[in-house]
1. Rounded to the nearest 500, what is the 222 nm mean residue ellipticity of chain A from helices alone, with -39500 (n - 2.57) per DSSP H run of 4+ residues and division by all residues?
2. For chain B, find the longest principal axis of its Cα atoms and tell me its angle to the long axis of helix B:18-27, 0 to 90°, nearest 10.
3. In nm, give the distance between the simple-model label positions of residue A:117 and residue B:31, each being 7 Å from the Cα along the Cα-to-Cβ direction.
4. On a 0 to 90° scale, report how tilted helix B:94-106 is relative to the longest principal axis of chain B, with both axes built from alpha carbons and the result rounded to the nearest 10.
5. Along the principal axes of its C-alpha atoms, what lengths does segment B:27-110 span, in descending order and rounded to whole Å?
6. I'd like the distance separating the alpha-carbon centroids of segment B:44-75 and segment A:33-47, in whole Å.
7. Among chain B residues, which Cβ is nearest the axis of the B-onto-A rotation, and at how many Å?
8. For chain B, take N as its residue count and report Rg(C-alpha) divided by 2.2 N^0.38 Å.
DNA sequence: CCCATGTAGTTAGCTGCCTAATCACTAATA
DNA sequence: TATTAGTGATTAGGCAGCTAACTACATGGG
């Protein structure tokens, strides 16, 4: 499978090639650097792949990436936080938090409690069941995280973190204007 | 920027910190390397951020990331391809392609035509309107892609591509079993 | 003190992604 | 040839993310 025309870089799955970038640019007579375009495209593809792999990973514990992140953030904050704070630290909208908390509450991993300080506010609390779930998955989870990065040396990891941070800064170019 | 309260590594948005990784590991007495965990977490966060930035970017042209990728892949393949081939080269399920093509067809950017070779197959073709849309957005799109990566030198980009490819390989550790 | 404006949370409705099930057709094989 | 297996595409149902709109409460200025 995956052998359409031999000559040209047919991706075969989600990973773009330098040839593709070159073809696209030449088609419109643009002078952008194909390597730069490739970096951007590969990062997008890798992000999407990792997203899917993450979902598959967390589903083993009956969680999704979003639900896991919410639980972990809650635990990291003493097991109690308002939906707005959760939205801010997870980097998602409040509406998304409502949905995540709905699902987690249905499974008894978190609970909602009215805020004592603000009459319109809630507090989301991590239940014993929720904390237990985190304890269960931690060994496997962190082992896999480490294994994923295991192909890089300490120096390479540091280098990667630096380069990635600079690319994340550059992402504003996509939304600017 | 990115330093809110000095005491605790409060993320402030989606970017995890080394302190968080350390706290999580120590909470369960795990010996995984915090730096490795940080790399994995940052890559996930960056992927999610880039995904959102990409959606915002493409929405300027009335497209989503998925729809753009489908159009671009179609053009790169002579403007004609079956849904199954599209699913394979985009790295998504056939059902997703059905949805994307539905949307693109509604806007006249692609059309479906029965396959001449296989009685149950379709061929998705890029319409003139669809090709025109790609032409319109190309200059802005590639300029932004290049700008996003502009903070890295050629050598750094090559390094990043290498490191990223090795991390993508490592992603199988998440789904392996 | 009351009203205007703002903010917390939810709801409704959209998109994109997935899996599983279904339908139509092809192909292989007894 | 007729049956069985396999494959192309769609449909149905689910989750997570978004925006926009709405309710309930908070707060600050006239």
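Please treat every number below as a calculation from the coordinates, not as lab data. Note that this is a predicted model, so its numbers are computed, not measured. Heads up, the Cβs are rebuilt from the backbone with ideal geometry, glycines too, and the neighbour counts pull from every protein chain shown.
1. Values: 8 runs with 111 residues, N = 177.
Only helices count here, giving -20000 deg cm²/dmol.
2. Helix B:18-27 and the main axis of chain B meet at about 70 degrees.
3. 4.2
4. 60
5. 56, 28, 21
6. Between the Cα centre of segment B:44-75 and that of segment A:33-47, the gap is 13 Å.
7. So the chain B residue sitting closest to the axis is B:47, 1.
8. Values: Rg = 21.0 Å, N = 177, 2.2 N^0.38 = 15.7 Å.
With N residues counted in chain B, Rg over 2.2 N^0.38 Å equals 1.34.
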